[in-house]
Amino acid sequence: MRALRVFVSLAIAALAAPTTAVKATPVIDISDTLEVGDPLDFLPFGGAVEIDDVGVLEGSVLVFNSAGNIPVFGYDSIRYELAREGMVPRRVSLGFDVQTSGLQGSTSHFNVIVDSSQVRNLVFRANGDIDTLNPGPGASGPVGTYVEGAPLRIDMQFDTVADRWTVRIDDTLVYDDLLGGTTIGSVRFAIGAASGNDPFDPAATAYLDNITIRSEDFVALPPAPVPLPAALWLSAGALPWLLRRRRS
């Protein structure tokens, strides 16, 4: 068994204010298959996310759970930084395969976080619902359900120019509403306690694979970026985080 350990410090993304300085290129395509030899494009952002062959989905997968993490929220998390050379995209397409184990009936949830002017979330809740959380002009609420042990393909598009956010589950459109915001700074995935009122459940697990992100229509960052609103899970504090790659 071998392990690859990567240490990073917790950081909070900065988000651009409106600007008209548009850059024609680049279009940036990210693809993380998590197989040996495929470079990882994300940063560890909390807890100890593992890459392992665990018999779910296909081949190597990212394993999110709160086992061994510190209180209060116990988050495992990763982050994809989308800014490049002082530019940040206004259009982003995001796709991934996901499967859960022990999440339903737990005190935890699995969260997909898109950092726009206000944070947008796709949440896999312990009751089996998949919810959108949209603090902007769009609607929030259930858009689908998941079954433990059954993989799903999720595809989302975020277009700040057209002001649209769409969600597809297994190629079926389940959400199409206003997005709000002007740029998209980063994408995060996290599992942990649903609230500070409940302890996290170390057995609740989400498996993630075949992550694709396409970023385009880049604009210049302003001279003084406005900090993002901090998600609740950031209150755990700034600590070094660990990424482990394990193979039998």
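The values are calculated or read from the model by the stated rules, or taken from the named source; none is laboratory data. No experiment lies behind these values; they were computed from the predicted model shown. Neighbour counts run over all protein chains shown; Cβ positions are idealised from the backbone, glycine included. All accessible areas refer to the heavy atoms of the entire protein, side chains included, with ligands and DNA or RNA removed. Shrake-Rupley method; radii C 1.70, N 1.55, O 1.52, S 1.80 Å.
How many residues does the stretch 66-94 contain that are farther than 20 Å from GLY196 by Cα and part of a strand (DSSP E or B)?
Looking only at that region, the number is 13.
Does VAL88 qualify as being aliphatic (A, V, I, L, M), more than 20 Å from ASP209 (Cα to Cα) and surrounded by fewer than 21 Cβ atoms within 10 Å (Cβ to Cβ)?
Spelling it out, it is not the case that VAL88 is aliphatic (A, V, I, L, M), more than 20 Å from ASP209 (Cα to Cα) and surrounded by fewer than 21 Cβ atoms within 10 Å (Cβ to Cβ).
Looking only at the stretch 8-31, decide whether some residue is crowded, with 21+ Cβ neighbours inside 10 Å, at pLDDT 90 or above and not basic (Lys, Arg).
Among the residues of the stretch 8-31, not one is crowded, with 21+ Cβ neighbours inside 10 Å, at pLDDT 90 or above and not basic (Lys, Arg), which makes the answer no.
Checking the condition modelled with pLDDT under 95 and either charged (D, E, K, R) or farther than 19 Å from GLU216 by Cα (or both), which residue from THR172, THR182, THR107 passes?
Being modelled with pLDDT under 95 and either charged (D, E, K, R) or farther than 19 Å from GLU216 by Cα (or both) holds for just one of THR172, THR182, THR107, which is THR107.
Please list, ordered by first then second residue, the pairs with beta carbon atoms under 6 Å, 6 or more apart or interchain, first in the stretch 175-189 and outside any loop (DSSP other than H, G, I, E, B), second at pLDDT 95 or above and open to solvent by 10 Å² or more (accessible area, probe 1.4 Å).
Every condition considered, the pairs that remain are TYR175/VAL143; ASP176/THR166; SER186/ARG79; SER186/GLU81; ARG188/ARG79.
Taking the stated definitions as given, is ASP163 open to solvent by 20 Å² or more (accessible area, probe 1.4 Å), within 21 Å of ARG90 (Cα to Cα) and either aromatic (Phe, Trp, Tyr) or in contact with a Leu (Cβ under 6 Å, 6 or more places away or on another chain) (or both)?
Taking the combined requirement at face value, the residue satisfies it.
Does ILE154 meet the test of being hydrophobic (A, V, I, L, M, F, W, C), assigned to a strand (DSSP E or B), open to solvent by less than 20 Å² (accessible area, probe 1.4 Å) and more than 19 Å from PHE42 (Cα to Cα)?
No, not satisfied.
Going by what's in this entry, would VAL63 be described as part of a strand (DSSP E or B), buried (at least 17 other Cβ atoms within 10 Å of the Cβ) and β-branched (Val, Ile, Thr)?
Yes.
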